[in-house]
Amino acid sequence: MLSQSFRGRQVRPGDPSYDEDRRIWNGSVDRSPALIAYCTGVADVIDAVRFAAASGLSLAVRSGGHSFPGQSVCDDGIVIDLSPMRGIRVDPEARTVRAQAGVLLGELDRETQAFGLAVPAGIVTHTGLAGLTLGGGIGWLMRKYGLTIDQLLSVDLVTADGTFLKASGDENPDLFWGIRGGGGNFGIVTEFEFRLNPLGPVVLAGPVVWPMAESARLLRFYREWITDVPDELTTAVVHRKAPSVDYVPSELRGKPVVMVVCCYAGPVEEGQEVLRPLRESGTGSAPVLDLCAPKPFTEHQAMFDPSFPHGRWYYFKSCDVDRLTDEVIDRTAEHAARIVSPLTAFPIFQLGGAIARVGEDETAFGGRGAGHTFNINGTTEGADGFEAERTWARGLWSALAPHHTGVYSNFLMEEGEERVEQAYGAQKYRRLRELKRRYDPGNLFRLNQNIPPAP
Ligand SMILES: Cc1cc2nc3c(=O)[nH]c(=O)nc-3n(C[C@H](O)[C@H](O)[C@H](O)COP(=O)(O)OP(=O)(O)OC[C@H]3O[C@@H](n4cnc5c(N)ncnc54)[C@H](O)[C@@H]3O)c2cc1C
């Protein structure tokens with residue numbers, strides 16, 4: 001039993017809202033926990049961790065519920081849910097923000113952009129800040145301001161024995177190193193503190209779109225063009241069938257397209273100059289749609305929301321590559337042309353810039369030197385056609401296998417220990433295992449991209 005004074009809601013099988021409460025973003029995940037404990041504050045988290053440890057049941061930790069493989073819900077165990085903890089406090093003078101673990105990215109942007117400030121984070125507003133940050137955090141501002149963890153100043157955390165700790169560069173620095181990329185392995189973070197940086201609020205951003213048949217030509221132009229673009233520009237190349245959304249003209253909907261989605265985190269006029277070569281000679285022919293325009297950053301952040309709603313069935317295979325070689329480009333174009341589902345869309349993120357200026361060993365995050373990260377995503381409305389999309393995603397991933405350099409831990413499914421080690425590299429993985437032995441020797445926090453304690 002949780003303590004009498006536990007303040008949050010407790011949901012169990014048979015409760016009227018149980019089926020709603022056990023749901024997460026990925027509709028293909030269907031698990032039935034014995035208890036969902038909604039925590040309203042640190043005291044609830046301490047209670048819930050102690051209870052879970054004593055019960056011997058498996059424990060899942062949920063903040064935004066966006067884990068690709070659904071590790072934030074479990075069968076027959078306990079879900080510690082942080083979603084009621086939504087406080088955000090910006091200090092515009094110190095240029096810092098404190099955000100509790102249940103905050104979603106759109107909520108953080110709303111508060112920070114009120115002051116023309118921002119934390120670099122992900123590209124969909126309903127993603128949870130907690131899981132994203134603990135894995136690293138990539139998004140539209142990363143080449144200018146780094147990963148989300150590169151702006152992290154400190155965390156409050158509850159460890160496996162229910163102890164409350166702070167971690168920062170000065171306090172428990174080893175733990176602070178580990179949680180910057182090592183995921184939820186070391187404890188439950190209840191609150192984050194970030195440095196803020198100036199942004200917009202208006203930025204030049206949006207997609208420039210061509211028919212997918214132009215993919216190989218576009219990618220060859222793109223790889224040369226990005227070699228000397230400034231760090232203010234972050235892009236992602238997306239292949240998909242054009243979605244049925246307001247901003248896509250009806251005649252283009254459902255047609256296979258390739259788009260370069262841009263965000264320029266600097267003066268709009270400067271961005272227009274940087275983007276000119278892409279727009280004018282990207283494939284040698286004019287784009288079929290160009291939605292890259294000055295707009296509030298928060299509007300750009302919401303652009304992908306309709307493409308990744310809650311409840312669809314999603315499957316992912318991901319990898320980093322150094323460069324878009326001819327071989328990488330040709331395999332990508334070839335497999336993209338075979339996409340069947342109108343909902344499947346896969347981004348290839350451009351890395352580099354500020355990410356690569358932080359040393360590989362300064363944080364647990366692995367792969368700062370990679371050029372691009374592929375997030376190959378097969379999506380369907382439900383079970384119908386899902387197996388075919390999985391097969392397609394695996395096919396492209398396998399075709400790229402000779403070029404894989406690593407993988408971003410937040411983009412992994414349940415792929416086994418070897419893949420988790422690949423995300424960090426052997427040396428850092430050993431260091432993370434030592435750290436895990438110190439902070440969670442019994443591996444209470446194991447429903448994650450698990451780092452087993454060193455023996
Ligand atoms: C639609 C969508 C868009 C995405 N876009 C991006 C993107 O642009 N950039 C990017 O980097 N990633 C992106 N991701 C991946 C994302 O970073 C991970 O899915 C991340 O785990 C989501 O965090 P969450 O809090 O929503 O997830 P949850 O499912 O709640 O948590 C995932 C895992 O994180 C751990 N965890 C969660 N909360 C805590 C906590 N408070 N303390 C300790 N551990 C915790 C647990 O191990 C849990 O299993 C995206 C995911 C989705 C579904």
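The values are calculated or read from the model by the stated rules, or taken from the named source; none is laboratory data. Since this is a predicted model, take the numbers as computed values, not measurements. Backbone-built Cβ (ideal geometry, glycine too); neighbour counts: all protein chains shown.
Return the only residue of 318, 341, 307 being surrounded by 23 or more Cβ atoms within 10 Å (Cβ to Cβ) and either touching a Ser or Thr at 6+ places or on another chain (Cβ under 9 Å) or charged (D, E, K, R) (or both). Steps first, answer last, please.
Numbers: 341 fails: surrounded by 23 or more Cβ atoms within 10 Å (Cβ to Cβ); 307 fails: surrounded by 23 or more Cβ atoms within 10 Å (Cβ to Cβ).
Testing whether each residue is surrounded by 23 or more Cβ atoms within 10 Å (Cβ to Cβ) and either touching a Ser or Thr at 6+ places or on another chain (Cβ under 9 Å) or charged (D, E, K, R) (or both) leaves just 318.
Kindly indicate which of 229, 258 is under 30 Å from residue 402 (Cβ atoms) and out of contact with any Phe, Trp or Tyr (no Cβ under 9 Å at 6 or more places or on another chain). Lay out the reasoning, then the answer.
Values: 258 fails: out of contact with any Phe, Trp or Tyr (no Cβ under 9 Å at 6 or more places or on another chain).
Matching residue, one of 229, 258: 229.
If you check residue 93 against the conditions, is it in a loop (DSSP other than H, G, I, E, B), away from the ligand (no atom under 12 Å from the Cβ) and not aromatic (Phe, Trp, Tyr)? Lay out the reasoning, then the answer.
On the way: in a loop (DSSP other than H, G, I, E, B): yes; away from the ligand (no atom under 12 Å from the Cβ): yes; not aromatic (Phe, Trp, Tyr): yes.
The answer is yes for residue 93.
Condition first: away from the ligand (no atom under 13 Å from the Cβ), free of Cβ contacts under 8 Å to residues at least 60 places away in the same chain, charged (D, E, K, R) and over 21 Å from residue 409 (Cβ atoms). Can you find one or more residues in segment 29-42 that meet it?
yes
Which ones in segment 32-66 are surrounded by fewer than 17 Cβ atoms within 10 Å (Cβ to Cβ) and either under 30 Å from residue 378 (Cα atoms) or among the polar types (S, T, N, Q) (or both)?
If the condition is that a residue be surrounded by fewer than 17 Cβ atoms within 10 Å (Cβ to Cβ) and either under 30 Å from residue 378 (Cα atoms) or among the polar types (S, T, N, Q) (or both), then 32, 40, 55 are the ones that fit.
Given 399, 370, 364, which one is more than 24 Å from residue 168 (Cβ to Cβ) and either surrounded by fewer than 14 Cβ atoms within 10 Å (Cβ to Cβ) or within 18 Å of the chain's Cα centre (by Cα) (or both)?
Working: 399 fails: either surrounded by fewer than 14 Cβ atoms within 10 Å (Cβ to Cβ) or within 18 Å of the chain's Cα centre (by Cα) (or both); 364 fails: more than 24 Å from residue 168 (Cβ to Cβ).
When all the criteria are applied, what remains is 370.
Would you point out the residue of segment 419-455, among those that are away from the ligand (no atom under 16 Å from the Cβ) and within 23 Å of residue 348 (Cα to Cα), that is surrounded by the fewest Cβ atoms within 10 Å (Cβ to Cβ)?
Checked segment 419-455; the qualifying residue surrounded by the fewest Cβ atoms within 10 Å (Cβ to Cβ) is 425.
Out of all the residues in segment 132-150, which are more than 9 Å from the ligand (Cβ to nearest atom), part of a loop (DSSP other than H, G, I, E, B) and not small (Gly, Ala, Ser)?
Result: 141, single match.
In this structure, does residue 441 turn out to be of a type outside the set (D, E, K, R) and at pLDDT 95 or above? Outline the logic, then answer.
Values: of a type outside the set (D, E, K, R): yes; at pLDDT 95 or above: yes.
Taking the combined requirement at face value, the residue satisfies it.
Name the single residue that is nearest to residue 379 (Cα to Cα) among those in segment 75-89 being crowded, with 21+ Cβ neighbours inside 10 Å and more than 9 Å from the ligand (Cβ to nearest atom).
Top of the filtered list is 79.
With at pLDDT 95 or above, within 10 Å of the ligand (Cβ to nearest atom) and in contact with a Gly (Cβ under 9 Å, 6 or more places away or on another chain) as the only criterion, which of 153, 165, 129 stands out?
The conditions single out 129.
Can you confirm whether residue 11 is within 13 Å of the ligand (Cβ to nearest atom) and among the hydrophobic types (A, V, I, L, M, F, W, C)?
no
Looking at 405, 391, 363, which one is within 16 Å of the ligand (Cβ to nearest atom), modelled with pLDDT of 95 or more and not aliphatic (A, V, I, L, M)?
Answer to the selection: 363.
Could you identify the single residue in 178, 206 that is within 14 Å of the ligand (Cβ to nearest atom) and at pLDDT 95 or above?
The match here is 178.
Consider segment 325-377. How many of its residues are assigned to a loop (DSSP other than H, G, I, E, B), closer than 25 Å to residue 148 by Cβ and not charged (D, E, K, R)?
Counting residues in segment 325-377 that are assigned to a loop (DSSP other than H, G, I, E, B), closer than 25 Å to residue 148 by Cβ and not charged (D, E, K, R) gives 13.
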